[in-house]
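Please read the structure below before turning to the comments.
The values are calculated or read from the model by the stated rules, or taken from the named source; none is laboratory data. Note that the structure is predicted; figures quoted are calculated from it, not measured. With ideal geometry, Cβ positions are generated from the backbone for all residues, glycine too; neighbour counts draw on all protein chains shown. Note: areas computed on protein heavy atoms with side chains; ligands, DNA, RNA excluded. Shrake-Rupley method; radii C 1.70, N 1.55, O 1.52, S 1.80 Å.
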Amino acid sequence: MSSSNTLPEWPPALTPEQHAQLILLSSTYALSHGFTLLPPNSSHPPTSAIPAPLSLLPTPFPRELYSLAVSLQPIYNALYARIALDWEFLDRVMGGSVSKVDTFQGELWRGWRQVRDELVQDKQLGIFRSDYLLHDPEEKGMEVKQVEFNTIAASFGALSQRAGEMHRYLHKATNSYYSVSPELAKADNFPANQPLKNIAAGLAEGWKAYGNDEAVVLFVVQDGERNVFDQKWLEYELLEAHGIHAVRHTFSDLANLAQVDGTTKTLLLPSPLEPNSPPREVAVIYYRSAYTPTDYPSSDEWTTRLLLERSRAIKCPSMALQLAGAKKIQQVLCEPGVLEDFLLSPGRPDVGFGEGAGDLAQKDVDRLRQTWIGLLPMDNSPLGKEAYELATIHPERYVLKPQREGGGNNIYRENIPPYLAELANEPRQPGEPEKKEAYILMELIEPPKGVCNWLVKGGENKARKADVVSELGVYGVMLFGEEGQAVNNGAGTLLRTKGRESDEGGVAIGISSIDSPLLI
Ligand code: ADP
Ligand code: MG
Ligand code: MG
């Protein structure tokens, strides 16, 4: 869908005094409200925090396109649930060349294949985030285009809620001196957004579906994680709003701690604080780790993953759902008819399309597809050969993506041809597919130009004015796997804003600021 909206001149001019005041108020607000990260090399337990990287002002975003992205989320939730339930499709796409040339995806797929006939828990929980950029190549009308769909460890829900609250507060506290016009500063241009509350409610739905009031939610976390407050807020919300206890363990620690009862398959964890009490049962395993090769430094971690997968706990996500989030899947979905097959053909599991929604029609599928931009395979099919040529002749139009998560892994524009040449020179076993098959080629999304904002790096007390690009994330919660029992909800949004000069935008890798939209 295109929008005739043009973005307003942004940001408005501020006096040096107003600017200094915004820096002071934002950093004190962030510290007061846990809109924070741990500083680098923090002690354990930590004794200090720093404001999360933030934008001083919200960034204008077309309302119509924001609403479109939000409205599509339940359909995306259903789509990815159905992909995770379609073993034949996952085998075809992920069990092919990708699993032979990408060691990580190969381990994941082979591990899942090894345990999938022994699984004792039908229910699965998805906490998703679908990411978009505005696309305006010819300055003729904007669209939203999907960057990727995350099915594991989708982060920043809690901090995003805090960012929106902070921008509302700054607006009130400064008598909106930064608004260009009263029209732009209307209260309903700051959208209501509660991903913290909604994601915690999603975890609680999983916990309820498990059905044991004594059981806990296990947060599987990374060693040295700096984004802990984003996770702690979910724990507090679970306890306060739902009376549910959470425990945190690193993925590696679970090798020694986790036990699965041989008969009931319950996942049990010792409770070191209550030495005489029996181990605690886990209702939901919530991964904020286990998505990248460095989370598996040895084969022990894969053994642990399989142990957890075989247990009766509900996984968020299951290995199948993690596979469904691969970029290779995103590319195959773009092939003719695949989306229709998942969303319109009869015989697919009923996972619902959101509250009050009936069956989908072709127009809903078309609406969703309009948020896509060209994605091509890098294999030896005719399309793959065409992709190779395009990447060689017009690299400036493309980004090359491996099957990785967490930012910093893509190859952009002119770097693509030499990179492909290097891949072609890597040694190969007889019969092994070419290394390039582990990648997909994606057209570059071209965000509108001329929008600026002031960005403050985490822990700094000055702001940098930058020409910015904002990436909108839409969260979704999906409990599925048992016929007629699905929960399918949108769960709020995230806006991350980066300087235009940077291709990658991970907050965790220090480039993006956590922002909120000002709807226009
Ligand atoms: P990851 O799973 O590592 O986050 P992404 O697909 O989100 O991988 O890519 C990382 C970043 O690269 C995105 O946040 C975005 O800034 C940029 N990016 C990815 N795909 C595109 C694209 N097609 N056009 C422009 N920028 C892109
Ligand atoms: Mg990702
Ligand atoms: Mg991403």
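A few remarks follow.
- Prolate/oblate/rounded label for segment 428-520 (Cα gyration tensor, a/c 1.5): oblate
- Less than 5 angstrom separates the built amide H of Y398 from those of R413, L444, all sequence-distant by 5 or more or on a different chain.
- Centroid-to-centroid separation of segment 460-520 and segment 12-50 [C-alpha atoms, Å]: 19 Å
- For segment 429-520, GluC sites (Glu not before Pro) meeting the loop criterion (DSSP other than H, G, I, E, B) and having at most 15 other Cβ atoms within 10 Å: E460, E482, E483, E501, E504.
- Computed 3J(HN,Hα) for segment 25-37, one whole-Hz value per residue from the Karplus formula 6.51 cos²θ - 1.76 cosθ + 1.60 where θ = phi - 60°, is 5, 6, 6, 6, 4, 4, 5, 5, 10, x, 8, 9, 10, glycine and proline marked x.
- In this rough spin-label picture, where each label sits 7 Å from Cα along the Cβ direction, the N175-L31 distance is 2.7 nm.
- Subset of K145/K436; K123/K197; K100/K435; K145/K401; K401/K435 violating a 20 Å alpha-carbon distance limit: K145/K436; K123/K197
- Surface accessible to a 1.4 Å probe, F480 within the full protein complex, Å²: 0 Å²
- Residues E309, E214, E143, ordered by accessible area of protein heavy atoms at a 1.4 angstrom probe radius and largest first, appear as E214, E143, E309.
- Summed over qualifying helices (DSSP H, 4 residues or more, each -39500 (n - 2.57)) and divided by its residue number, the chain shows a 222 nm mean residue ellipticity of -10500 deg cm²/dmol.
- Spatially near lysine pairs across segment 206-330, Cα under 21 Å, sequence gap of 8 or more or different chains: 6
- Toward the positive end of the charge dipole of the chain, with +1 on the Cβ of Lys and Arg and -1 on the Cβ of Asp and Glu, the farthest Cα among I75, L14, L339 is that of L14.
- Max-minus-min Cα coordinates of the chain on each principal axis give 68, 63, 48 Å, with the largest extent listed first.
- Projected label distance in nm at H242 and H44, using a 7 Å step from Cα toward the beta-carbon: 2.7 nm
- Estimated distance in nm for a label pair at E482 and A421, the labels positioned 7 Å out from Cα along Cα-to-Cβ: 5.8 nm
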